[in-house]
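Student: Before anything else, here's the structure in question.
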Amino acid sequence: MYLSSRILNSNESVTLKVNEKIEALISSGKEVYNLTSGQLPFKPSSEFISQIKLQLNFLKSFQYSPNSGFEKLCEKMIQTTEGERDINLTGIGHKAIVSNGSKHSLFNALGTLINPGDEVIILTPYWVSYPEMVKFWGGIPKVVESHTFDNFTPAIDEILLSISPMTKAIIINSPNNPAGIHYDDNWMKEFATKIKDHKDVMIISDEIYSKICYFDPKPTYFYQHCPELLSRTLIINGISKSFASTGLRIGTCIGNEKVINAMTKLQSQTTSGPSSLIQRALLEFDFSLLDNYFSNVEHQLRECSRLLMDRFREHQLAHCWYQTSSAFYYFLDFSRFPFFDKKFDKNDDHSDEIVEEILEKAGVALVPGTAFGQKNTARMSLTLEAEPFSHAVDKLLDYLIQG
Ligand code: PLP
């Protein structure tokens, strides 16, 4: 009776619940292959760590930063994005804001845009927090689905059909969590051409995994085909995935001045600017050193992705498989595997039940897919080293074939 309806209507993050179960099993002595991770199991590059150590020597590292983050870091983020995407953001007056993780950037962006009753289009499978954040701000998530057989790439005409006079924004997340793919350049081009006519729709481009791509071609973005869309695009990024630094909590949003100023107002009355120490380290760090750092990460992800493909083929499960290329996940559609029809009905969602049974019987932990907006699915991470990953896949496939 003390709680707001806003929070009562929110769901807790599903990964937290799964992790509690894994801990309980491990402490009871059971061997568990944990494929739930949403982060890389490596420390950041040693040069970045050295920069953080160096910045510990300065008083300013321990004091407040400006509400929108250090101006020079905002400029560096804009210049980096301009260079990587070959676009001009400074020329059109775009600004940046640094927040406490890109989750925070997204939350502030949605809070700045949404009026109660506004609709926000979200594409499945979606990152768990999008609909929760939209609802929190009084908005209505409008979901457009994709499937294994279309490589989890939603049809653009279906997106267009879901646009209404109440549509405030659409969120594009490429590379995608949890599908582990990015929408290809043709998709981006078609999206750009067709969304051009819907002039009142803002586009939130969540590019947090843009650096993590282990098979060519690399991710591209709709605004590269149609720069005029940049005036209504918010580019979200951060260091959690690209610097393997989920715990340091830095995210950024680049967009038009009006929106960024409004986000700054919201941030100034809530969290203030993020960690001065990490921002100062980022300012001094040479971002080009990340390319070398990522070649090892990419190698490992490629290995796990290939291993998965080989195992699916060996077990005549090629029809259940799709090619991942980016981020570090694979999204399992249980309804395509042999065990499913013996016990379950496609029309209902059994994700939680199946994931629980896989954990108990096979000792493999996955994140149930309900929270990603698709029935009878689960997300698995490709971040284990090849050997334990191979054992985990064997155990998982035993279950997925026989039940
Ligand atoms: N966006 C996507 C698609 C994510 O997967 C995540 C984290 O897993 C985030 C945003 C938030 O990242 P952070 O707040 O750690 O920067």
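The values are calculated or read from the model by the stated rules, or taken from the named source; none is laboratory data. Treat the numbers as computed from the prediction; the structure is a model and nothing was measured. Cβ placement follows ideal geometry from the backbone for every residue including glycine, while neighbour counts extend to all protein chains displayed.
Student: Specify which of the listed residues (117, 111, 138) is touching a Phe, Trp or Tyr at 6+ places or on another chain (Cβ under 7 Å), surrounded by fewer than 19 Cβ atoms within 10 Å (Cβ to Cβ) and either of a type in the set (Ser, Thr, Tyr) or at pLDDT 95 or above (or both).
Tutor: Going through 117, 111, 138 in turn, just one is touching a Phe, Trp or Tyr at 6+ places or on another chain (Cβ under 7 Å), surrounded by fewer than 19 Cβ atoms within 10 Å (Cβ to Cβ) and either of a type in the set (Ser, Thr, Tyr) or at pLDDT 95 or above (or both): 111.
Student: Hey, another quick one. Does residue 172 qualify as being assigned to a strand (DSSP E or B) and not aromatic (Phe, Trp, Tyr)?
Tutor: Yes, satisfied.
Student: Considering only the range 162-179, state which residues are more than 11 Å from the ligand (Cβ to nearest atom) and within 19 Å of the chain's Cα centre (by Cα). First the steps, then the outcome.
Tutor: Here is the first cut: in the range 162-179, the residues more than 11 Å from the ligand (Cβ to nearest atom) are 162-170.
Listed by number, the residues that qualify are 169, 170.
Student: Next question. Being touching a residue at least 12 places away in the same chain (Cβ under 8 Å) and not in a loop (DSSP other than H, G, I, E, B) is the filter here; which residues of the range 252-264 pass it? Write out each step before concluding.
Tutor: Taking the range 252-264 as the starting set, the residues that turn out to be touching a residue at least 12 places away in the same chain (Cβ under 8 Å) are 252-257, 259-264.
Across the range 252-264, the qualifying residues are 252, 253, 254, 255, 257, 259, 260, 261, 262, 263, 264.
Student: For the condition more than 18 Å from residue 34 (Cβ to Cβ), assigned to a loop (DSSP other than H, G, I, E, B) and within 25 Å of the chain's Cα centre (by Cα), what is the one hit in 375, 346?
Tutor: Within the list 375, 346, the selection yields 375.
Student: From the set of residues in the range 107-145 that are under 19 Å from residue 252 (Cα atoms) and of a type outside the set (A, V, I, L, M), which is farthest from the chain's Cα centre (by Cα)?
Tutor: 112
Student: Look at the range 314-339 and say how many of its residues are part of a helix (DSSP H, G or I) and touching an Asp or Glu at 6+ places or on another chain (Cβ under 9 Å).
Tutor: 2
Student: OK, next. Within the range 234-251, how many residues are assigned to a helix (DSSP H, G or I) and within 7 Å of the ligand (Cβ to nearest atom)?
Tutor: Selection size over the range 234-251: 1.
Student: Could you list all residues from the range 211-233 that are part of a loop (DSSP other than H, G, I, E, B) and more than 11 Å from the ligand (Cβ to nearest atom)?
Tutor: Scanning the range 211-233 gives 211, 214, 215, 216, 217, 218, 219, 220, 221, 226.
Student: Can I ask one more? Which condition breaks for residue 29 when tested against (1) part of a loop (DSSP other than H, G, I, E, B); (2) touching a residue at least 12 places away in the same chain (Cβ under 8 Å)?
Tutor: With (1) part of a loop (DSSP other than H, G, I, E, B); (2) touching a residue at least 12 places away in the same chain (Cβ under 8 Å) applied to residue 29, the lone miss is (2).
Student: Is it the case that the range 193-200 has a residue that's in contact with a helix residue (DSSP H, G or I) (Cβ under 8 Å, 6 or more places away or on another chain), within 16 Å of the ligand (Cβ to nearest atom) and under 22 Å from residue 130 (Cβ atoms)?
Tutor: Within the range 193-200, none of the residues are in contact with a helix residue (DSSP H, G or I) (Cβ under 8 Å, 6 or more places away or on another chain), within 16 Å of the ligand (Cβ to nearest atom) and under 22 Å from residue 130 (Cβ atoms).
Student: While we're on this one: Name the residue, out of 60, 17, 53, 21, that is at pLDDT 90 or above, in a helix (DSSP H, G or I) and either more than 26 Å from residue 291 (Cα to Cα) or within 23 Å of the chain's Cα centre (by Cα) (or both).
Tutor: So the residue among 60, 17, 53, 21 that is at pLDDT 90 or above, in a helix (DSSP H, G or I) and either more than 26 Å from residue 291 (Cα to Cα) or within 23 Å of the chain's Cα centre (by Cα) (or both) is 60.
Student: Give the residues of the range 160-171 that are surrounded by 15 or more Cβ atoms within 10 Å (Cβ to Cβ) and either among the charged types (D, E, K, R) or over 30 Å from residue 5 (Cα atoms) (or both), sorted by residue number.
Tutor: 160, 168
Student: If you take the residues in the range 32-50 that are part of a helix (DSSP H, G or I) and not charged (D, E, K, R), which one is surrounded by the fewest Cβ atoms within 10 Å (Cβ to Cβ)?
Tutor: If we filter the range 32-50 for residues that are part of a helix (DSSP H, G or I), which is where we start, we get 46-50.
Still in the running and not charged (D, E, K, R): 46, 48-50.
Values: 46: 10, 48: 24, 49: 14, 50: 13.
The qualifying residue surrounded by the fewest Cβ atoms within 10 Å (Cβ to Cβ) is 46.
Student: Could you list, in sequence order, all residues of the range 333-386 that are in contact (Cβ under 8 Å) with a residue 60 or more places away in the chain and of a type in the set (Lys, Arg)?
Tutor: Result: 336, 342, 343, 379.
Student: Just one of the numbered conditions (1) of a type outside the set (Ser, Thr, Tyr); (2) free of Cβ contacts under 8 Å to residues at least 60 places away in the same chain; (3) surrounded by fewer than 24 Cβ atoms within 10 Å (Cβ to Cβ); (4) closer than 23 Å to residue 290 by Cβ is not true of residue 189; which one?
Tutor: With respect to (1) of a type outside the set (Ser, Thr, Tyr); (2) free of Cβ contacts under 8 Å to residues at least 60 places away in the same chain; (3) surrounded by fewer than 24 Cβ atoms within 10 Å (Cβ to Cβ); (4) closer than 23 Å to residue 290 by Cβ, residue 189 is out only on (4).
Student: Quick one: residue 271 ticks every box in (1) under 24 Å from residue 40 (Cβ atoms); (2) within 16 Å of the ligand (Cβ to nearest atom); (3) surrounded by fewer than 17 Cβ atoms within 10 Å (Cβ to Cβ) bar one, so which box is it?
Tutor: Among (1) under 24 Å from residue 40 (Cβ atoms); (2) within 16 Å of the ligand (Cβ to nearest atom); (3) surrounded by fewer than 17 Cβ atoms within 10 Å (Cβ to Cβ), the lone unmet condition for residue 271 is (1).
Student: In the range 313-335, which residues are of a type in the set (D, E, K, R) and closer than 30 Å to residue 207 by Cβ?
Tutor: Taking the range 313-335 and keeping what is of a type in the set (D, E, K, R), we get 313-314, 333.
Residue satisfying the conditions is 333 alone.
Student: Let me ask you something else. Residue check: is residue 166 of a type in the set (A, V, I, L, M) and under 17 Å from residue 234 (Cβ atoms)?
Tutor: no
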